[in-house]
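See below for the structure under consideration.
Where a number appears in this text, it was derived from the coordinates with a stated rule and is not lab data. Only a predicted model underlies this, so the values are computations on that prediction, with no experimental measurement involved. Cβ placement follows ideal geometry from the backbone for every residue including glycine, while neighbour counts extend to all protein chains displayed.
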């Protein structure tokens, strides 16, 4: 066996797939369980650290800006931390004062809210109020008849029973001053401790930012500094941009809510604006939760329902405007998370760390996505949680072919064709999907049933796109026509194309060796038909011994043999010889639609070979028709001969 034969034999042998050792999946699950357990039991330490990292990302740009103004690093860090936490403490104090003021005013609103509830109940009950009163009277009479011991009637007067309960009052001794002080301070110990730890960690992280970065690079592996540096830069820029944008958008949202509620007349409007700003960090459900108490107060304060309706309109308008207009422009792709990942991460971190975990869910998940994007073994995190498409368009259409689902494949095509041409869809998506199918078929992964599904799906998608009209408009600048431009214009299909190229079956698309080639032939025939040429596609077994001699080739002006796979020289030569004997002068074109690295160019002058996509093949056939038309005009006697 020569070297070429050995290489061909080697190509037919499927590659050996390395299998992981048994028990690897169980080990990975055990490691994941240990990590989750550690996160849960170490939350008292990890929550302050996570908050400190979050604040450090927010304050880092301000520290860098101060350093650019020639302020020393330590002073820049202290100033940024002082200003940042002063704002936080001021907002917290404002919330406490507003909450105390609201608590004092709530009893005055109770009666108004009760009256509205009674009115709603009366409206809902309608005409049943009379029946309810009658039913109440009957129940009281029945109770008197069955319980005479509750009171005795003597001489028409009710007499109370002799036995009366003796009221007992239990009084606790007055607590001492120390006990009262401990009772006041004890609930504040944990929040104050957590706040102090967060401040210390923030200062430490900002002070040692460069040193921590270098140590992380050393731990991650200094041998691949390019990837580690890219991961750090990606995480830092993505998180800083995300946090700053969230703070700006949510603060603006809370400010507008507070101003709007103040104008409407809802009590403690600044408090509800701050709560709306904070809860808006919680994805999806934060804004509806922040609107509950303002709506209740609006119903309790207003004499009618106008204040409640205005409050609903305020929250709904601002939320729709922020979610549909502001956030897509400001955030863009800063988070890189899919909506499903945001919901799952919010549920997971809330279960793990409570309310703080709900606020930290998005930042922590962003960190996981960045790590998965740059660490090969953790790439599944980027696939599961990231917002990048899980499958490329060719992979998606091939997957739908395997599933036999032409509906979703057609929907994908219609989406793509919104701003593109049909030939672009066939060249960039459908052809690549057929190439993926051919690669699996070469490895023996496609059985007959799946191959039939692929072919049937392609047929249905092509039939569905038969009536499609390209809506993409190409803007062409008006320039002076050059000789080259006039030549390109002359190559357009003229109206005087010989009738032989216009009638059905003038161009016969013949599958080379299988059903994938039939799918390619069907697509190519539709493209040429849309260009004004008469084209038809044959079945996959057209070149077999049982069907070849029954083919009617008399009306064909050209034959296009389609190959999606990698045909051999011998296969092409054999097919060309058989067609040449039976076609009687028809032009033979070999369309190699596989990857260019797999293409084999026959070394014969009688064969015209096209390596590329559907458009390249259609261009060559159209050019052949144009040359034939010109030859007919110049030499009428050559009207039935194909011209090279």
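For the reader, a short list of remarks on this structure follows.
- Residue order, fewest to most beta carbons within 10 Å, for 321, 548, 559: 321, 548, 559
- Measure of compaction for segment 314-464 (Cα Rg per 2.2 N^0.38 Å): 1.38
- Residue 41-residue 443 FRET efficiency (beta carbon distance; Förster radius 56 Å; 0.05 resolution): 0.70
- Gyration tensor (alpha-carbon) shape descriptor, segment 275-371, a/c threshold 1.5: oblate
- Extension gain (nm, one decimal) between residue 578 and residue 531, 0.36 nm per residue minus Cα-Cα: 14.0 nm
- Cα centroid of segment 30-62 to Cα centroid of segment 343-416, whole Å: 23
- Order by protection proxy (mean Cβ within 10 Å, highest first), peptides 91-100, 454-463: 454-463, 91-100
- Listed from fewest to most Cβ neighbours within 10 Å, the set 501, 305 follows the order 305, 501.
- With one equal scatterer per alpha carbon and no solvent term, the Debye-computed log10 I(q)/I(0) for segment 393-464 at 0.11, 0.22, 0.26, 0.27 1/Å reads -0.24, -0.90, -1.20, -1.28.
- Between segment 419-436 and segment 295-331, the alpha-carbon center distance in angstrom: 46
- Residue order, fewest to most surrounding Cβ atoms within 10 angstrom, among 203, 523, 247: 247, 203, 523
- Two-site FRET efficiency, residue 30 against residue 367, from Cβ-Cβ distance with R₀ of 30 Å, rounded to 0.05: 0.85
- A simple packing score, the average count of other Cβ atoms within 10 Å per residue, orders the peptides 39-48, 613-622 as 613-622, 39-48, with the highest score first.
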